[in-house]
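All remarks here apply to the structure that follows.
Just so you know, all these numbers are worked out from the coordinates, no wet-lab data involved. Predicted model, so just to flag it, every value in this text is computed and none were measured. Using ideal geometry, Cβ is built from the backbone for each residue, glycine included, and neighbour counts are taken over all protein chains shown.
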Amino acid sequence: MKSLRKASVWLAGLTLLYLLPIHAGFAWETKDPASEQTAAVAVGTATTGNSDYKINPGDVLSISVWRESDLTQEVLVRPDGKISFPLAGDVQAAGNSVEEVRELLRKQLEKLIPDLVVSVSVFQINGNKIFVIGQVNKPGEINANPYIDVVQALSIAGGATAFANVSNISILRRTNDGQISIPFDYGDIENGKRLEQNIILQAGDVVVVP
């Protein structure tokens, strides 16, 4: 009887040892940062159908017309801010919301298609790029998905170096009246002061860390 009991315990232990790596594999899995970023973009683009996000050149839109299989396409927003779509021609997309683009397409297509139902969503956010340069550990461009503020941009850029003057950071932004410089003092943010400085960045903004 004791031998049978020992054999049962040994068999149970062997089974547990066999199954453990299968379940623990999820905890031990090493994720590729690039894959994580891609996945984050995919999730973010699936939820950017709200009226707040403004489309940028480089974004990819998914457009479909109900019961018209030939009018289901993924369309790239060109550098001039427009998209080309069958039967509608060129439509201004950049600077407009998803709903505004949908309405522009509807007005163009309803002349030719009765009982029209148009769907528009952001398939990929490629044009909402922010740039961080100067004394940061990882300078370069950031794909804001869909919005980030100054502190978040600095964090993604690896933070400031030991030589950075974080009290004199500036954000360069192009407007219709030309380029402007917006001051940012990270020391104030650390101390919980003037939090309104931590603005939401816009596509094309350049964060300069001296």
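What to note about this one:
- Once the Cα-Cα distance is subtracted from the 0.36 nm per residue extended length, the E196 to E100 segment shows a gain of 31.6 nm.
- Quarter of Cα convex hull surface for region 44-124, i.e. mean projection, nm²: 4.7 nm²
- Per-pair calculated FRET efficiency, R0 = 41 Å: I180 and W66 via Cβ, rounded to 0.05: 0.40
- 3J(HN,Hα) from dihedral phi, region 194-203, Karplus parametrisation 6.51/-1.76/1.60, rounded to Hz, x for glycine, proline: 6, 5, 5, 5, 7, 7, 6, 7, 10, 3
- Karplus-derived 3J(HN,Hα), 6.51/-1.76/1.60, for each residue of region 80-95, Hz, glycine and proline x: 7, x, 10, 10, 10, 9, x, 6, 9, x, 8, 10, 6, 10, 4, x
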